[in-house]
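Participant: The structure that follows is given in the form of structure tokens.
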Amino acid sequence: MRNDTMRSWWMQTDGAHSALELRDGALPVPGPGQLLVRMHAAGLNRGEFILAHGLHKAGAAKAIGMEGAGEVAQAGAGSRFKAGDRVMGRCGGAFAEFALMDEREALAVPANLSWEQAASVPLVFLVVHDMLVLQGRLRAGEWMLVNGVSSGVGVAAMQLAKALGARVIGTSGSAEKLSRLQAQGLDVGLCTRGADFHDAVMKATADKGVNLVINTVGGTVFAEDIRCMAFQGRLATVGYVDGVLKAEIDLQALHSKRLTLFGVSNKLRSPEQRAEGVPRFVAEVLPALADGRIQPLVDKVFPFEQLEQAKAAMEANRHLGKLVLAMSPA
């Protein structure tokens with residue numbers, strides 16, 4: 001392969017199905033405010049493979065991958081980074097040997113993190129910081145409920161909540177995953193995939209309910225989440241892996257308990273809006289990653305050429321934490 005080309009993974013969709021393809025293409029050139037990063041690892045995220053999330057248009061082929069870590073190969077004019085710097089960040093087309101990263105979203109990789117750990121940080125932890133801190137206003141001593149706590153977002157939410165001094169209830173269909181998470185600080189694990197956790201949540205919270213709900217599952221648990229919320233509780237919708245996009249809202253509960261419902265998505269945000277929360281993330285979360293209070297949980301690492309196997313592993317839903325694609329040996 002010539003020095004001005006690279007390999008990257010693309011996904012083609014027809015509206016109902018998708019296919020992955022490894023392609024050769026031209027090496028991108030960074031413009032002002034951009035970094036060309038030689039990617040060492042990239043994190044998989046369920047949303048980019050779920051057509052219902054609307055991230056892919058029918059008939060379109062798109063370079064995929066949404067977060068990763070690597071070395072700066074070339075920096076745009078006036079950059080604070082230089083060639084050789086270790087960076088991690090959200091970026092389009094991250095499943096590639098090289099990718100362009102918006103410098104405003106680029107984060108210096110703490111020395112204690114491996115490439116695989118660093119690649120699992122940017123998307124989920126920035127989303128979790130948005131949910132728990134910027135919008136969720138979670139405080140020490142409060143209760144948080146996570147539907148699907150064994151997912152990448154769920155695990156990161158639990159880790160940040162514990163670092164903030166909150167208490168966490170998590171649901172999962174796997175008793176084994178819950179046991180592993182309880183060893184890492186999960187306060188209450190509820191083994192269920194259904195909407196049947198209200199009584200257990202109220203018992204754990206002395207009938208007060210939870211202050212913040214993180215719904216990674218979707219519409220099947222939405223009404224039950226509302227039932228579990230405390231006075232002035234907040235509910236974040238971050239995913240709908242169940243494919244259920246409609247749910248009943250108890251307006252009386254919404255009104256009387258002064259509830260706040262909000263969504264967490266980057267789909268319609270401008271680059272400026274995506275970058276707004278990064279300085280606070282650097283100040284509030286990066287130190288906990290650097291000193292080991294938060295340790296990214298990587299379940300399995302796949303070689304670059306095995307994206308299809310990694311996608312199948314994600315769809316099998318047996319992993320705990322993040323699946324990562326490695327572009328080069330660690």
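The values are calculated or read from the model by the stated rules, or taken from the named source; none is laboratory data. It should be emphasised that the depicted structure is a prediction, and the values quoted were computed from it without experimental measurement. Because the Cβ atoms are built from the backbone with ideal geometry, glycine has one as well, and the counts that use them run over all protein chains shown. Ligands, DNA and RNA are stripped out before the accessible areas are found, and what is left, the full protein with its side chains, is counted by its heavy atoms. Shrake-Rupley method; radii C 1.70, N 1.55, O 1.52, S 1.80 Å.
Participant: Looking at Asp199, Asp207 in this structure, which one is without any contact (Cβ under 8 Å) to a residue 24 or more places away in the chain and under 27 Å from Leu134 (Cα atoms)? Working first, answer last.
Facilitator: Working: Asp199 fails: under 27 Å from Leu134 (Cα atoms).
Result: Asp207 is the single residue among Asp199, Asp207 that is without any contact (Cβ under 8 Å) to a residue 24 or more places away in the chain and under 27 Å from Leu134 (Cα atoms).
Participant: Of all residues being within 16 Å of Gly89 (Cβ to Cβ) and in a helix (DSSP H, G or I) in the range 277-289, which is most open to solvent (accessible area, probe 1.4 Å)? Just the residue, please.
Facilitator: Arg280
Participant: From the residues in the range 89-117 that are part of a loop (DSSP other than H, G, I, E, B) and small (Gly, Ala, Ser), which one is nearest to Lys267 (Cα to Cα)?
Facilitator: That would be Gly92.
Participant: Where residues in the range 290-316 are closer than 21 Å to Asp24 by Cα and among the charged types (D, E, K, R), which of them is least open to solvent (accessible area, probe 1.4 Å)?
Facilitator: In this case the residue turns out to be Lys311.
Participant: If I ask for residues that are under 17 Å from the mean Cα position of the chain (by Cα) and open to solvent by less than 20 Å² (accessible area, probe 1.4 Å), which ones from the range 92-108 would you list?
Facilitator: Gly93, Ala94, Phe95, Glu105, Ala106, Leu107
Participant: If you scan the range 167-196, which residues turn out to be touching a residue at least 40 places away in the same chain (Cβ under 8 Å) and acidic (Asp, Glu)?
Facilitator: Correct list: empty.
Participant: I would also like to ask the following. Is one or more of the residues making up the range 96-109 more than 24 Å from Gly25 (Cα to Cα), out of contact with any strand residue (DSSP E or B) (no Cβ under 7 Å at 6 or more places or on another chain) and touching a residue at least 60 places away in the same chain (Cβ under 8 Å)?
Facilitator: yes
Participant: May I pose another question? Please go through the range 34-65 and pick out each residue that is open to solvent by 40 Å² or more (accessible area, probe 1.4 Å), under 18 Å from Leu325 (Cβ atoms) and modelled with pLDDT of 95 or more.
Facilitator: Hit for the range 34-65 is Arg38, nothing else.
Participant: Okay, next question. Considering the range 131-163 alone, what residues qualify as being closer than 17 Å to Gly47 by Cα, of a type outside the set (A, V, I, L, M, F, W, C) and assigned to a helix (DSSP H, G or I)?
Facilitator: Across the range 131-163, the qualifying residues are Gly152, Gly154.
Participant: Please list, ordered by first then second residue, the pairs with beta carbon atoms under 8 Å, 6 or more apart or interchain, first in the range 257-270 and more than 14 Å from Val133 (Cα to Cα), second among the hydroxyl-bearing types (Ser, Thr, Tyr).
Facilitator: Leu261/Thr237
Participant: Can you tell me how many residues within the range 158-180 are buried (at least 21 other Cβ atoms within 10 Å of the Cβ) and either under 12 Å from Leu297 (Cα atoms) or touching a Pro at 6+ places or on another chain (Cβ under 6 Å) (or both)?
Facilitator: The total comes to 2.
Participant: Hey, Glu315 hits all of (1) modelled with pLDDT under 95; (2) part of a loop (DSSP other than H, G, I, E, B) but one; which does it fall short on?
Facilitator: Evaluating Glu315 over (1) modelled with pLDDT under 95; (2) part of a loop (DSSP other than H, G, I, E, B) leaves (2) as the failure.
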